[in-house]
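Take a look at the structure set out below.
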Amino acid sequence: MVYLHCLPPSAEPRVSDHMPQILHMIKQIIENGYAYSVDGDVYFSVEKFPDYGRLSGRKLEDNRAGERVAVDSRKKHPADFALWKTAKEGEPFWDSPWGPGRPGWHIECSAMSAAYLGYSFDIHGGGMDLVFPHHENEIAQSCAACNHSNISYWIHNGFVTVDSEKMSKSLGNFFTIRQVIDLYHPLALRLFLLGTHYQSPINYSDVQLESASDRIFYIYQTLHDCESALSQHDVVTLKDTIPPDTVNSINNFYNVFVTSMSDDLHTPVVLAALSDPLKTINDLLHTRKGKKQELRIESLAAFGKILRNVLSTLGLMPESYSEILQQLRDKALKRAKLTEDQVLQKIDERTAARKNMEYERSDIIRKDLAAVGIALMDSPDGTTWRPAVPLAIQEQQVSIT
């Protein structure tokens, strides 16, 4: 999570440390007339809660109990769910007013969130599969315990698929974040995840990760070049004004950022909007027309600042551009199964081939490296390399589009 730039939670409660709060909440629900005990078990009575189903939109008569497990005949309604379950041999248990047992699946979340956040708080999240029954039951029991209970926003994320198949251990296409970031930079993975709206299913594939890696290298290389250009000028001597075109471009970009993030965190639109300011920075840095633009350095400083602010909000701002660019190169070398010395040796061989007018040999070296995701870039100062999407994967992208 640290590698992915995820902020740590302020509290990470354990159910076993909050048994008094859980027992207290169950007592409240019973006292308020929403639950009943049977032979050491305690069940929530869904018929007593008229709003049951308000989150999922399901009606009580639509809940067909007994399709996966046998219905407990002791329940007043088949959809009644357990708040407390009597102890079974071999399972952990705690003492309670109804006898030894353990909490039901749903009550622990209501009790712990109430303990740390109160009965009303802003955002409650989880996977799409938790809308029903888990979150529906949380609402029912929290409101039954306290009629002022309220969640302002429910946020449910879509599932991960792998090459368009649902990720699962049974299909053998299951892997962990640790396995992914062994070959791809964590911030490339973060960029990939932000590239799909959180509610939508997201398809994981090497094609997508290679594309994200390539994109994030471009972002940081552009900002690194911008920072290098600015470092050659005294910030104190920069003028306060910037050209109207720069003002308009920055304002348009910022408006898209605010509007999209305010629209249910629409991160894909924000990532797409990065293209224009990044292109403008590269034009100002590298094109003949851009280098002649009035207040060029002031424009670069303004673009660099707004992009840093947005990337920071998205959790994509590295501590050092040069450091992360090297890390991205290292990951690319690992995927290519090459060392940097081997790549530099290939560059020297290609340079020698070009000097000897062995252009076919020169092209073969370039293509061999491109096939494994190493792109060569020629300039008057010599040849350098950067990570790139491997040729085979580029062809896959073309066939998909």
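Some points to look at:
- Accessible surface of the chain [probe 1.4 Å, protein heavy atoms]: carbon and sulfur percent: 52
- Net charge of Cβ neighbours under 12 Å - reference GLU294; Lys, Arg +1; Asp, Glu -1: +3
- Pairs of Cα atoms farther than 18 Å apart, segment 273-318, %: 30
- DSSP-loop trypsin sites (Lys or Arg not before Pro) across segment 87-174, with at most 11 other Cβ within 10 angstrom: LYS88, LYS169
- Cross-link pairs LYS305/LYS337; LYS239/LYS289; LYS166/LYS331 - those with Cα-Cα distance over 32 Å: LYS305/LYS337
- With 0.36 nm allotted per residue and the present C-alpha distance subtracted, the ASN32-GLN326 stretch has 99.7 nm of extension available.
- Cα→Cβ-extended label distance, 7 Å offset, between SER164 and ASP368, nm: 3.6
- Applied to segment 335-343, the Karplus parametrisation 6.51 cos²θ - 1.76 cosθ + 1.60 on θ = phi - 60° returns per-residue 3J(HN,Hα) values of 5, 7, 6, 10, 9, 5, 4, 5, 5 Hz, with x for Gly and Pro.
- Most fluctuating residue given options TYR184, TYR204, TYR52, as computed from a GNM of the chain linking Cα atoms under 10 Å: TYR52
- When +1 charges are put on Lys and Arg Cβ atoms and -1 charges on Asp and Glu Cβ atoms, the dipole computed for segment 2-157 relative to its Cα centre reaches about 200 debye.
- Counting Lys and Arg as +1 and Asp and Glu as -1 over every other residue whose Cβ lies under 12 Å from the Cβ of PHE93, the net charge comes to 0.
- Pairwise Cα distances in segment 165-314 exceed 25 Å in 39 percent of cases.
- Accessible area ranking (1.4 Å probe, heavy atoms, ligands and nucleic acids excluded), largest first, for TRP98, TRP105, TRP84: TRP105, TRP98, TRP84.
- Residues of segment 307-329 with an amide N closer than 20 Å to a point placed 7 Å from the Cα of ASP122 along the Cα-to-Cβ direction: 309-316.
- Between ASN203 and THR161, the built amide H atoms are under 5 Å apart, and every one of these is 5 or more places off in sequence or on another chain.
- Rounded to the nearest 500, the 222 nm mean residue ellipticity of the chain from helices alone is -15000 deg cm²/dmol, with -39,500 (n - 2.57) taken per DSSP H run of at least 4 residues.
- Segment 2-157, relative contact order in percent, only Cα pairs under 8 angstrom and at least six apart counted: 25
- Net charge dipole size for the chain [Lys, Arg +1 and Asp, Glu -1 on Cβ; Debye, nearest 20]: 460
- Estimated FRET transfer efficiency (ASP234, LEU265; beta-carbon r; R0 25 Å; 0.05): 0.05
- Two-site FRET efficiency, ASP51 against VAL2, from Cβ-Cβ distance with R₀ of 30 Å, rounded to 0.05: 0.15
- Taking segment 2-157 as the region of interest, the number of lysine pairs whose Cα atoms are within less than 21 Å, with members eight or more places apart or on different chains, is 13.
- For THR351 and VAL131, the difference between the fully extended length at 0.36 nm per residue and the C-alpha to C-alpha distance is 73.1 nm.
- Entry for the chain at q = 0.12, 0.15 Å⁻¹: log10 I(q)/I(0) = -1.05, -1.36, Debye formula applied to identical alpha-carbon scatterers, no solvent contribution.
- When every Cα-Cα distance of segment 337-399 is counted in 10 angstrom steps from zero, the calculated P(r) takes the values 21, 52, 23, 4 percent.
The values are calculated or read from the model by the stated rules, or taken from the named source; none is laboratory data. From a predicted model like this one, the values you see are computed outputs, not experimental measurements. When we count neighbours, we look across all protein chains shown, and the Cβ atoms used for this are built from the backbone with ideal geometry, even at glycine. What goes into the accessible areas is simple: the full protein's heavy atoms, side chains included, and nothing from ligands, DNA or RNA. Shrake-Rupley method; radii C 1.70, N 1.55, O 1.52, S 1.80 Å.
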